[in-house]
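Visitor: Okay, handing you the structure first.
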Amino acid sequence: MGEPTFGLLGPLRVRTAGVPVHIGGPKPRAVLATLLLQPGGFVSLDLLTEVLWPGGAPRSAVANVRTYVRGLRRVLVAAGVPCELRTESAGYTLGVEPADLDMLLFVQRLEQARAARQPDRTTEALRGYESALGLWRGSVLQNVPSSVVWDPTVTRIEALRSAAVDECLDLRMRMGDYVPLVAELRSRLTENPLREDLWRMLVQALHDAGRTTEARSAYRQAERVLAAELGVEPSAPLRTVGEQVHGYAAARRAGRAQPVCQLPMQIPDFTGRQAEIDVLEGLLAAAGREPVAVVVSGAPGAGKSTLAVRVAHRVREAFPDGQLFVDLGGMSDRPREAADVLAEMLRGLGVIDSAIPVETGERAALFRSRLAQRQFLIVLDDAAGEAQVRPLLPGTGGSAVLVTSRRRLPGLPAHHTPLEVMTREDARALFAALVGPQRLRTEGRDVDRVVAGCGALPLAVRIAGARLAHRPGWTVGALADFLQDRRGRLDQLRTGELEVRAGAELSYRHLSEEAAHAFRCFGELAGEDVAGWMAGVAMGRPDGAPNVVERLLDEHLVELVGTDRFGLQRYRMHDLLCCYARELADTDGRAVRAERRLRVVDALTGLARWANAAMPIRFLGVLGEPTAVPGPAARMVPAVRARPVEWFESERRVLVSAVDAAVGLGEVSRAADLAIELAGFFDMRGYYDDWLRTHRAVLEAMPEHSDARAAALLRNLGQLHLYQDRYAEALASFERSRELFTTLGHRSGEAIAALGVGSVHRVKDDLEAALNTFEGALRAFGEADDAHGEAVARNAIASVWLERRDARAAAHWLDGALRLSSELGDRHREAQVRRRIAVMHELRGEPAAARAELERALRIFDELADTHCAAYVQQSVGELCLRQGNAGEASALLLDALAVQRRLGDRRAEARVACLLGELHHRTGRKQTAWQYFHRSLSTWHRLDARDQAELVDAKLQALHHAPPPPD
């Protein structure tokens, strides 16, 4: 079995066919490491920037990252490394097979070893563990400067390694493989001398191997170490082994009291949550030298109590003195007093009633004294708050406390573990456990719909499964259909004493009036992540109500999902809680609800206008002028003006949903204003689906298309049709837009629409019509005193002369376009002009000058994070490299451009690039690959009904007639 191509488990390395691949300097290596730590996952530009410049990124950070990635891709492609480095919107994805990355291979082999841990397969399991652990060459990425960004993944994989070592040791113990076991245990204890479990295994292994004297010596050494370092005697499990090797276990055991166990019965069909169980068990296992407290908090119905009981049963053996369980009644009308709870637990510890003090403080002191030299597990379920829990915590000893609460309890000295909804896989497994695995196999798609309708909330999934199990006439599809109705969904999620609505209601009725208002307002917001200031806008609060939002967060009625690019915390409400919030909002009245939504729409439109005024690209649309923004949104204006693209990116989904909300309320003019403001950003980042959705929704809602808003929407829609090769639709939209602008006397808008008409003519090879239309647009821009429009028109006219291969005629127009772009400070337009100048240099036979212009254009597009335009330039550079015989660089550039164009749906560009890749592989002798790319290009041209282009590609295919046919 060959070694993996990529190595993270030790020094970073890349090898192919046993030959090392040199990646480059520290920053390219850090980029590769970050991508490999999230194999197949999306890695954003922001994340890479944080890794490369943890103390603060330079202005050129984005451009530098893109340069590092392009260089990395070239190296990997040239070396024939088996991976796929894809460019996504604002980030990258590195696709790697498990066998090619040691981290993935380690996890895979470890899972196989664990699966083989059965009495008749112990030898196979041991080989599996040794194979998995043999992949480690040192600590993770030990030759690359560390980054806090990597910590979660590195910690997880190193924890897996530690667990694998322990499991391997346990397996050797069961097999009686004592010689290597003892050596490994002594080595591990050198690193971790306070781990009693390792001492216990060592003493037991020596005793079972017949080395009784050494076993007794090891036990005495363990006693000395624990006493000297921790001031404690060995725990019960280690003492038991010590008694055994000294031969007096029976005498000690005879006088020992039976431990108390108050844990409730586990739910028999408990399913999933393995990751959470592992975390909690790991935290509780740390109890010993000092007590440990863990708080599990989560939304109503998240399964906190069920999980706590499950974990408590699993770790019982680690707490030999007993387990206490108390329901604190935090969500009841009268949460339990700490004094009463202390009295109950003291009784459980064997204290008689007459010996229990009266004062709460004295009870707490006695409780701590009773636990000082003992190992108890205490489960405190449904805590009301910190004040209720604090007196119930031990002060010393080896006990652990597991607390569950709907509220966050940050003031407690504890490990805090928020419990999220289940994963889709766990939720499916729970549903199958309730209704039977056969339903999962035969109605899998409908099961997914049920899980989605339940929001993967454990309580909701349990109720849905119970209802279906008791209704044999129902299908899973019928239940899924019932759950699609947002208004009736909560009615479907109740059975017996279980009800999702009741759980949400318990939390809601504990809120202050202001917090309750905020909860209802969240129900009006889009089902997306939102910044806290947006809730303040919906509430009509000038200060943004930050404290109120934090209260909802503490109650787990909203969840914190992260921090956006502006350092603002973003929140989300679970779908089922959102349904309940909307039910409550209905009681506020239709007018109040509409006012809340429209306040948000107006605030977003105002900020979008400020963002467009500061955008690094001037979109050829008709935009509104920025004005003062009222309320908490006003504080966002400086940040939006400073970083407009980042703001649009952060709020993209919310902005699209706001357009839908305005249309739904019948406020079509408001919806149109916002949609028009979004088109430039959608164009820049290639968000074509959002562009089409918003514009079509508004145009369809308009009673008639007769004003400037309709004209602008039609012009924007025409541009999108043009990008996606729908030329008839594009021409119709542009022509209708031009007619409307002409009727309204809007000369600049008329010229903008005319540019679109001319572009369709140029793409369709009607160059004379294109030139006449562009020249007319230039005159109209001049009459409207629109210098930016003039720059665009001059560049468009130059494009026609370049199509005619007349470099001399194009030069005049390009000089004017470049001068105007520079004077206006429009760097995006400058880059577009430089692309045309590069074509001019090629026509003149000046490839070096063409390459220099393309590199300038690419740097600008990278700095502006315009993935779409950067892909076009990469295509041009790739073409140039191909014509100059640089196949390796051409391949890397063209493959990247092809991936971007395919994602954006630009089929014409995709067809061109596929043809270029066919030519490249034909020249380098890879005829089968060339055949595939030519066919891909040909089929695309056929779908576009571009006969001339199809004939050119078909001719290239004919040149490959002697190549073998493709495999079946």
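Visitor: Which residue pairs have Cβ atoms closer than 6 Å, lie 6 or more positions apart in sequence or on different chains, and pair a first residue in segment 354-376 that is closer than 18 Å to Leu324 by Cβ with a second residue that is in a loop (DSSP other than H, G, I, E, B) and among the hydrophobic types (A, V, I, L, M, F, W, C)?
Guide: Arg370/Leu349; Gln375/Phe319; Phe376/Phe319
Visitor: Turning to a different aspect of this structure: Which one of these does Ala710 not meet: (1) part of a helix (DSSP H, G or I); (2) closer than 26 Å to Arg943 by Cα?
Guide: Every condition holds for Ala710 apart from (2).
Visitor: Which of the numbered conditions does Arg685 fail, given that it passes all the others? Conditions: (1) surrounded by 24 or more Cβ atoms within 10 Å (Cβ to Cβ); (2) modelled with pLDDT under 90.
Guide: The failed condition is (1).
Visitor: Let me ask something else. Return the residues of segment 60-97 that are among the basic types (Lys, Arg) and either in contact with a strand residue (DSSP E or B) (Cβ under 8 Å, 6 or more places away or on another chain) or without any contact (Cβ under 8 Å) to a residue 24 or more places away in the chain (or both); say none if nothing qualifies.
Guide: Arg73, Arg86
Visitor: Given Gly606, Gly567, which one is small (Gly, Ala, Ser) and either surrounded by fewer than 17 Cβ atoms within 10 Å (Cβ to Cβ) or under 29 Å from Gly301 (Cβ atoms) (or both)?
Guide: Gly567
Visitor: Within the bounds of segment 908-927, is there any residue that is more than 27 Å from Arg805 (Cβ to Cβ), touching a Lys or Arg at 6+ places or on another chain (Cβ under 7 Å), not β-branched (Val, Ile, Thr) and not in a helix (DSSP H, G or I)?
Guide: No - not one qualifying residue is present in segment 908-927.
Visitor: Do you know which of the residues in segment 139-185 that are among the small types (Gly, Ala, Ser) and outside any helix (DSSP H, G or I) is farthest from Leu9 (Cα to Cα)?
Guide: Once the filter is applied, the top-ranked residue is Gly176.
Visitor: All but one of (1) modelled with pLDDT of 75 or more; (2) closer than 29 Å to Asp382 by Cβ; (3) touching a helix residue (DSSP H, G or I) at 6+ places or on another chain (Cβ under 8 Å) hold for Glu513; which doesn't?
Guide: (3)
Visitor: Considering segment 315-331 alone, what residues qualify as being touching an Asp or Glu at 6+ places or on another chain (Cβ under 8 Å) and of a type outside the set (D, E, K, R)?
Guide: If the condition is that a residue be touching an Asp or Glu at 6+ places or on another chain (Cβ under 8 Å) and of a type outside the set (D, E, K, R), then Val315, Phe325, Val326, Leu328, Gly329, Gly330, Met331 are the ones that fit.
Visitor: So is Ala287 touching a residue at least 24 places away in the same chain (Cβ under 8 Å), buried (at least 24 other Cβ atoms within 10 Å of the Cβ) and either assigned to a strand (DSSP E or B) or under 24 Å from the mean Cα position of the chain (by Cα) (or both) or not?
Guide: Answer is no for this residue.
Visitor: Residues to consider are Ala400, Ala387, Ala414; find the one that is assigned by TED's automatic domain parsing to the domain that holds Leu307, more than 13 Å from Gly322 (Cβ to Cβ) and more than 30 Å from the chain's Cα centre (by Cα).
Guide: One residue alone meets the criteria, Ala387.
Visitor: Which residues, counting only those in segment 933-942, are within 17 Å of Ala890 (Cβ to Cβ) and polar (S, T, N, Q)?
Guide: Ser937
Visitor: I need the full set of residues from segment 767-788 which are closer than 19 Å to Ile617 by Cβ and either among the β-branched types (Val, Ile, Thr) or surrounded by fewer than 24 Cβ atoms within 10 Å (Cβ to Cβ) (or both), in order please.
Guide: Asp786, Ala787, His788
Visitor: How many residues does segment 689-719 hold that are surrounded by 20 or more Cβ atoms within 10 Å (Cβ to Cβ) and modelled with pLDDT under 90?
Guide: The qualifying residues number 0.
Visitor: Could you please find all residues in segment 268-284 being outside any helix (DSSP H, G or I), crowded, with 16+ Cβ neighbours inside 10 Å and not β-branched (Val, Ile, Thr)?
Guide: Answer for segment 268-284, where residues must be outside any helix (DSSP H, G or I), crowded, with 16+ Cβ neighbours inside 10 Å and not β-branched (Val, Ile, Thr): Phe270, Gly272, Arg273.
Visitor: Among the residues of segment 547-578, how many are assigned to a loop (DSSP other than H, G, I, E, B) and farther than 26 Å from Gly385 by Cβ?
Guide: 5
Visitor: Continuing with this model, one more query. Could you tell me how many of the residues in segment 90-106 are touching a helix residue (DSSP H, G or I) at 6+ places or on another chain (Cβ under 6 Å) and in a loop (DSSP other than H, G, I, E, B)?
Guide: Qualifying residue count, segment 90-106: 1.
Visitor: Of the residues His868, His828, only one is touching a Pro at 6+ places or on another chain (Cβ under 7 Å), within 25 Å of Leu893 (Cβ to Cβ) and not polar (S, T, N, Q); which?
Guide: His828
Visitor: Okay, moving on. One residue is enough: does segment 939-954 have a residue meeting the conditions within 25 Å of Gln719 (Cα to Cα), crowded, with 22+ Cβ neighbours inside 10 Å and out of contact with any Gly (no Cβ under 7 Å at 6 or more places or on another chain)?
Guide: Checked against the condition, which is being within 25 Å of Gln719 (Cα to Cα), crowded, with 22+ Cβ neighbours inside 10 Å and out of contact with any Gly (no Cβ under 7 Å at 6 or more places or on another chain), segment 939-954 yields at least one hit.
Visitor: Is one or more of the residues making up segment 671-692 in contact (Cβ under 8 Å) with a residue 24 or more places away in the chain and at positive phi?
Guide: Yes: one or more hits.
Visitor: So, in segment 115-129, exactly how many residues are surrounded by fewer than 16 Cβ atoms within 10 Å (Cβ to Cβ) and within 35 Å of the chain's Cα centre (by Cα)?
Guide: 1
Visitor: Separate question: Find all pairs meeting these conditions: Cβ atoms under 6 angstrom apart; at least six residues apart or on different chains; first residue within segment 296-322 and in contact (Cβ under 8 Å) with a residue 40 or more places away in the chain and surrounded by fewer than 20 Cβ atoms within 10 Å (Cβ to Cβ); second residue assigned to a helix (DSSP H, G or I) and among the small types (Gly, Ala, Ser).
Guide: The qualifying pairs are Pro320/Ala236.
Visitor: Go through (1) on the phi < 0 side of the Ramachandran plot; (2) at pLDDT below 85 one by one and return the number of the condition Gly303 breaks.
Guide: For Gly303, the failing item is (1).
Visitor: Report yes if Arg805 is in a helix (DSSP H, G or I) and either in contact with a helix residue (DSSP H, G or I) (Cβ under 8 Å, 6 or more places away or on another chain) or surrounded by fewer than 21 Cβ atoms within 10 Å (Cβ to Cβ) (or both), otherwise no.
Guide: no
The values are calculated or read from the model by the stated rules, or taken from the named source; none is laboratory data. On a predicted model such as this, the values are computed, not experimentally measured, just so you know. All Cβ positions, even for glycine, are placed from backbone atoms using ideal geometry, and neighbour counts span all protein chains on display.
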